[in-house]
Amino acid sequence: MVAAVGGLGLGVSILVLSLWQQGVSQVTKEIGADQVGIVGQPIAAVGLMGIGYPFPEAGRLPDYPLYFIQMLEDRWETWQARGIHEQVALNITHSDIRLMAARELFNKDKLELAAESSFKAERYLSLAVDELKSVKENGDKADEWGQVLRAARAHEQVLGRMIDKANRGRAQLFAMAMEENRRIQNEAGGRGVRSVPE
């Protein structure tokens, strides 16, 4: 009986994951700088603008009915992470993914959901900061602090572009995310990180 239930659960899981993988969007296709800010176009080719930060694909967006699966995957990955290096890297990656999802939602004129996603992106960066602060000896963690600072600076650019493109009344929606971003930059910069690793 247990084996039958386990087999059924595995079969359903494989079916759901295969449907999930079929619809993953390609959201980080780079565009030319001349298209930045045009209504209906992506905000910016983040990888080309300014610091050249390599953002990952957003995957499913929070407005998708099965989005909770991505949330479960993220939690599972974080739970499986071993060691400070892997946990920090995962939190930065999850943060980047959430920010790209916020960018895509912004482009679909779903500003409230975009603002919520951008704040969650910054909270993932905060988790990386918390992980680094929990380690007693910060001397050998300079690379991780640099990664957090580099990600936070790239996030600041994307958030700034969203705020600039939103109308005045709705730009305030992104204020909490920007405030969290500045706190993260101050924390990472306060650790003596001056040069940001590439």
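The values are calculated or read from the model by the stated rules, or taken from the named source; none is laboratory data. Fair warning: this is a prediction, and the values are worked out from it, not measured in the lab. Every residue, glycine as well, gets a Cβ built from its backbone with ideal geometry; the counts of neighbours run over all protein chains shown.
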Selection within the stretch 105-135 - among the acidic types (Asp, Glu), modelled with pLDDT of 90 or more and either touching a Phe, Trp or Tyr at 6+ places or on another chain (Cβ under 7 Å) or more than 17 Å from residue 150 (Cα to Cα) (or both) = 112, 116
List the number of the failed condition for residue 92; all other conditions in (1) farther than 19 Å from residue 159 by Cβ; (2) at pLDDT 85 or above; (3) in a helix (DSSP H, G or I) hold.
-> (1)
So is residue 99 out of contact with any strand residue (DSSP E or B) (no Cβ under 6 Å at 6 or more places or on another chain) and modelled with pLDDT of 90 or more or not?
-> yes
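Does residue 118 qualify as being closer than 22 Å to residue 181 by Cβ, surrounded by 17 or more Cβ atoms within 10 Å (Cβ to Cβ) and of a type in the set (S, T, N, Q)? I'd like the intermediate steps shown before the answer.
Details: closer than 22 Å to residue 181 by Cβ: yes; surrounded by 17 or more Cβ atoms within 10 Å (Cβ to Cβ): yes; of a type in the set (S, T, N, Q): yes.
Judged against the criteria, residue 118 is a match.
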Sole miss for residue 171 among (1) within 16 Å of residue 103 (Cα to Cα); (2) more than 19 Å from the chain's Cα centre (by Cα); (3) in contact (Cβ under 8 Å) with a residue 24 or more places away in the chain is condition (3)
